[in-house]
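Reviewing the structure listed below.
The values are calculated or read from the model by the stated rules, or taken from the named source; none is laboratory data. All values reported here derive from a predicted model rather than from experimental measurement. Positions of Cβ are backbone-derived with ideal geometry, glycine not excepted, and every protein chain shown enters the neighbour counts. Ligands, DNA and RNA are excluded from the accessible area calculation, which covers all protein heavy atoms including side chains. Shrake-Rupley method; radii C 1.70, N 1.55, O 1.52, S 1.80 Å.
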Amino acid sequence: MATAALEPAVDRAALLEFLLRIGDNALILGHRVSEWCGHSPALEEDIALANTALDLIGQTQLWLGLAGEVEGKGRSADDLAYLRDGYDFRNILLVERPNGDFGKTLMRQFLFDAWHYLLLKALKGLTEKRIAEIAEKAFKEVSYHLDRSRDLVIRLGDGTAESHRRMQEALDDLWPYTGEMFAADAVDAALVEAGVIPEPQSLKAGWDEIVAEALTEGTLKKPADGYMHKGGRRGVHTEHLGFILSEMQFLQRAYPGATW
Amino acid sequence: MYAQMVKTDAARVRSLDEMDPVERAFQERVDAGQKIEPKEWMPEGYRKTLVRQISQHAHSEIVGQLPEGNWISRAPTLERKAILLAKVQDEAGHGLYLYCAAETLGISRDQMYEQLHSGKAKYSSIFNYPTLTWADIGAIGWLVDGAAIMNQVPLQRCSYGPYARAMVRICKEESFHQRQGYDALMRMVKGTPAQKAMVQDALNRWWWPSLMMFGPSDDASVHSAQSMAWKIKQNSNDELRQKFVDQTVPQAKYLGLTVPDPDLKWNEEKGGHDFGEPDWEEFFNVIAGNGPCNAERLDARKKAWNDGAWFRDGLTAHAEKAADRRAAAKIAAE
């Protein structure tokens, strides 16, 4: 695992920021999804959600592991996951939204999966080898996540009046958190320039298409693009993240230096 | 043992000479070690006993997700989190195979859930104890899965084919679960004094409930005798408990832990340990619903089921609409 394999010309600070963003998305969403374990509406869903959470935690290990290497301060993926405070987390706000009912959890998953799928698909074809390798592995898993969440959004949208109402409500509530996926700043610009990541806005058309098709088939109405919440990518989060971290980091904080 | 005190409806075990020819032929096949398959004739008592046992076993897997799931969000490293997620996912998978095995006996999964939610069907007493620290997760793998394996390994030779086959797969995964539990504890006892104290505390709380998993002595139980005659059960509760103690005590020693039983000592003559009697009053209280977590566990399962009704109804409605659309398209095409 030598850092030498990384393109030397790439801005390390920007690369680290990107790796934290993508790794923290996987970590926080994996955490949220795992909260359903044993509590979902059907046994098959318990199994499928545990599987999704497991994939996301596995991806976290890879992304944050690479982030630690790029940072070069000897921090492991665990150090980054368990020993940073909220303002150092870089996940988008969408993934820290509370689970709500099962419909909201599925809708959040679908909106994220559609974007995650496109992002990984682009990353695996780009020049930075280490990133492309992780993206290649994650892409296979996320293709399945998307198949599953899209299918359920369609079926529940076009199910009973009650399931339709819940899915529409979930969509309306979460929509204002989707804009952050396509936001770009100087970090993105530097990495786009270096050919490491795709232009965030370039994923929008594909995402719109995946989402629109599923919503139409599921008889759901796409909300108007109004105000979009953002802040997570630069460390300004909602109140929910602090509680996620206090739970997740409890043992590492209570027993400093212990190995598990 | 995930199935405890399973009733058989038998007043006593009858001899071959007392059976009519059909039942006698069935019993002779069981005696010869042949597997009974779903479509074949079986005594009603055999079918009912299997439904009770397999559904109790399945419910235990499902309810068993809760005490372990309780620590997924607090697992101390990404690797431990992934291992625990995979383990709890396996338990859900075991529940699924077992519900399917029970369904071959003419009961639906929804009916089994209903029996669980109404309190008519039981699940293992062990899952009514709380997981208070991270060491409890290791202790469950080591002790609870260890005790379950004692019971489940012989069940691979059970006379009922679907149950025996489900058990083959389940046993493979359970032995991985037990190893990961022991491994997590090993790491902790080699760690700080606080970590080691946490492990000892977990053993103190889980030791006796683990011994209770095998159920009270059943040497005089007509139900156990009947289950053994049907080869649904292979060993007595005391035999399995003895085997478990003999296997586990050296493991505890290796971890540097003290088993919380002042009567525990090696008996050279019998080639096994002597040990104290579990508190059976506590056991019967837990079975009767008075364990520390009975109410929470059942409420959590009922809540999951009730809150998820709209989800299941939605999927059913969609499937019906899709079938109607296909039928309409077919008519239009003709």
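Any idea what the relative contact order of chain B is, in percent, if you count C-alpha pairs under 8 Å spaced at least 6 apart? Provide the component values of the computation, followed by the final result.
Numbers: 395 pairs, mean separation 69.1, N = 334.
Relative contact order, chain B: 21 percent.
Any chance you could list P(r) for the stretch B:181-325, counting all Cα-Cα pairs in 5 angstrom bins from zero, rounded to whole %?
Values per bin, smallest distances first: 2, 8, 11, 13, 12, 13, 12, 8, 7, 5, 4, 3, 1, 1, 0, 0.
Over chain B, give the accessible area per residue in Å² for a 1.4 Å probe, as an integer. Spell out each step's value before the answer.
Values: 14260 Å² over 334 residues.
Roughly 43 Å² per residue, with all protein chains present.
Just give the residues from the stretch B:45-84 buried by at least 30 square angstrom of accessible area in the all-chains context relative to the isolated chain, probe 1.4 Å, and say none if nothing qualifies.
Buried on complex formation: B:GLN65, B:LEU66, B:ILE72, B:SER73, B:ARG74, B:PRO76, B:THR77, B:LEU78, B:LYS81, B:ALA82.
Pick out, from B:SER159, B:LEU116, B:MET188, the residue whose Cα sits farthest towards the positive end of the charge dipole of chain B, with +1 on the Cβ of Lys and Arg and -1 on the Cβ of Asp and Glu.
Among B:SER159, B:LEU116, B:MET188, the one farthest towards the positive end of the dipole of chain B is B:MET188.
Taking only the alpha-carbon atoms of chain A, what semi-axes of the equivalent ellipsoid follow from 5 times the gyration tensor eigenvalues under a square root, in whole Å, largest first?
Here the semi-axes work out to 29, 22, 16 Å.
What part of the accessible area of the stretch A:3-132, given as a whole %, is carbon or sulfur when the probe is 1.4 angstrom?
Details: 1980 of 3720 Å².
Looking at the stretch A:3-132 in its full context, I get 53 percent from C and S.
Using the Cα centre as the reference, give the magnitude of the dipole from point charges on the C-beta atoms of chain A (Lys, Arg: +1; Asp, Glu: -1; all else neutral), rounded to the nearest 20 debye. Before the final figure, lay out the partial values.
On the way: 28 positive and 41 negative charges, 48 e Å.
Computed charge dipole of chain A: roughly 240 debye.
Out of residues 5 or more away from B:ILE36 or on other chains, whose amide H comes under 5 Å of its own, with H placed 1.01 Å from N in the peptide plane?
HN-HN under 5 Å from B:ILE36: B:TYR160, B:GLY161.
Assigning unit charges at the beta carbon (Lys, Arg +1; Asp, Glu -1) and nothing else, what dipole magnitude in debye, to the nearest 20, does the protein assembly as shown show about its Cα centre? Each step should come with its number before you reach the end.
Numbers: 70 positive and 86 negative charges, 75 e Å.
Its charge dipole is roughly 360 debye.
So if I place +1 on the C-beta of Lys and Arg and -1 on the C-beta of Asp and Glu, and nothing else carries charge, what would the dipole magnitude of the stretch B:142-182 be about its Cα centre? I want it in debye, nearest 20.
Working: 5 positive and 3 negative charges, 34 e Å.
Approximately 160 debye in magnitude.
Within the stretch A:57-93, find all residues whose amide N lies under 19 Å from a label point positioned 7 Å from the Cα of A:MET228 along Cα-to-beta-carbon.
Residues passing the 19 Å test: A:90-93.
When you look at the Cβ of every residue in A:144-156, what mean number of other chain Cβ atoms sits within 10 Å?
Details: counts 0, 0, 0, 0, 0, 0, 0, 1, 4, 0, 1, 9, 7.
Partner-chain Cβ atoms within 10 Å, mean over residues of A:144-156: 2.
Which of the residues in the stretch A:68-90 lose at least 30 Å² of accessible area when you go from the chain alone to all protein chains together (probe 1.4 Å)?
A:ASP78, A:TYR82
From the protein chains alone at 1.4 Å, what is the descending order of accessible area for A:ILE47, A:ILE197, largest first?
Working: A:ILE47 40, A:ILE197 10 Å².
The ordering from most to least exposed comes out as A:ILE47, A:ILE197.
Given Cα positions, please report Rg to Rh for chain B, the hydrodynamic radius being the Kirkwood one. Could you put the intermediate results ahead of the total?
Details: Rg = 22.1 Å, Rh = 21.6 Å.
When Rh is taken as the Kirkwood radius, the ratio is 1.02.
Cα-Cα over 26 Å: which of A:LYS104/A:LYS222; B:LYS233/B:LYS270; A:LYS129/A:LYS222; A:LYS121/A:LYS230; B:LYS243/B:LYS265; A:LYS104/B:LYS172?
From the list (A:LYS104/A:LYS222; B:LYS233/B:LYS270; A:LYS129/A:LYS222; A:LYS121/A:LYS230; B:LYS243/B:LYS265; A:LYS104/B:LYS172), the Cα-Cα distance tops 26 Å for A:LYS129/A:LYS222; A:LYS104/B:LYS172.
On the protein heavy atoms, probe 1.4 angstrom, tell me the percent of accessible surface of the stretch B:116-182 carried by carbon and sulfur. All intermediate terms of the calculation are to be shown ahead of the outcome.
On the way: 1190 of 1980 Å².
After summing per-atom areas, the C and S share lands at 60 percent.
Kindly compute the accessible surface that chains A and B hide from a 1.4 Å probe when together, both sides summed, and give it to the nearest 100 Å². Kindly include the intermediate steps, with their values, before the conclusion.
Numbers: alone 12090 and 16300 Å², together 24290 Å².
In total, this chain pair buries about 4100 Å².
Summarise the accessible area of the stretch A:140-199 (1.4 Å probe, protein heavy atoms) by the percent that is carbon and sulfur.
Values: 1170 of 2280 Å².
Of the solvent-accessible surface of the stretch A:140-199, carbon and sulfur hold 51 percent.
If you average the sequence gap of Cα pairs under 8 Å that are 6 or more apart and divide by the length of the stretch A:103-250, what percent do you get for the contact order?
The value is 29 percent.
If you wrap a convex hull around the alpha carbons of the protein assembly as shown, what volume per residue comes out, as a whole number of Å³?
On the way: hull volume 108.4 nm³, N = 594.
Here the figure is 182 Å³ per residue.
Helix A:102-123: angle to the longest alpha-carbon principal axis of chain A, degrees 0 to 90, nearest 10?
Approximately 50 degrees, to the nearest ten.
Run the Debye formula on the Cα coordinates of the stretch B:71-195, all scatterers equal and no solvent, and tell me log10 I(q)/I(0) at q = 0.09, 0.18, 0.19 1/Å.
For the stretch B:71-195 at q = 0.09, 0.18, 0.19 Å⁻¹, log10 I(q)/I(0) is -0.31, -1.06, -1.15.
A:LEU83: accessible area at probe 1.4 Å, nearest 10 Å²?
That residue has around 80 Å² of solvent-accessible surface.
Taking B:LYS48 as the anchor, which aspartates and glutamates have their alpha carbon closer than 19 Å to its alpha carbon, excluding any fewer than eight residues away along the same chain?
B:ASP9, B:GLU23, B:GLU37, B:GLU40, B:GLU103, B:ASP110, B:GLU114
Within straight cross-link reach of B:LYS190, meaning Cα distance under 17 Å, which aspartates and glutamates are found once same-chain residues fewer than 8 apart are removed?
Filter leaves B:ASP136, B:ASP201.
For the stretch A:194-248, with every protein chain kept in place, what is the accessible area per residue (1.4 Å probe, Å²)?
Values: 3000 Å² over 55 residues.
About 54 Å² of surface per residue is accessible.
Keeping all protein chains in the complex and leaving out DNA, RNA and ligands, what accessible area do you get for B:ARG24 with a 1.4 Å probe, in Å² to the nearest 10?
80 Å²
Which parts of the stretch A:28-51, residue by residue, lose 20 Å² or more of accessible area when the rest of the protein chains are there, as against the chain isolated (1.4 Å probe)?
Buried-area filter returns A:HIS31, A:SER34, A:CYS37, A:GLY38, A:HIS39, A:PRO41, A:LEU43, A:GLU44, A:ASP46, A:ILE47, A:ALA50.
On the full set of protein chains, 1.4 Å probe, figure out the accessible area of A:TRP260 and give it in Å² to the nearest 10.
10 Å²
Suppose a student asked you for the relative contact order of the stretch B:1-89, using Cα pairs under 8 Å spaced at least 6 residues apart; what percent would you report?
33 percent
Mind listing the phi-derived Karplus ³J(HN,Hα) values for the stretch A:186-203, rounded to whole Hz, using 6.51, -1.76 and 1.60 with θ = phi - 60°, and x for any glycine or proline?
Here the 3J(HN,Hα) series is 5, 4, 4, 4, 5, 6, 5, 4, 7, x, 8, 10, x, 4, x, 5, 5, 8 Hz.
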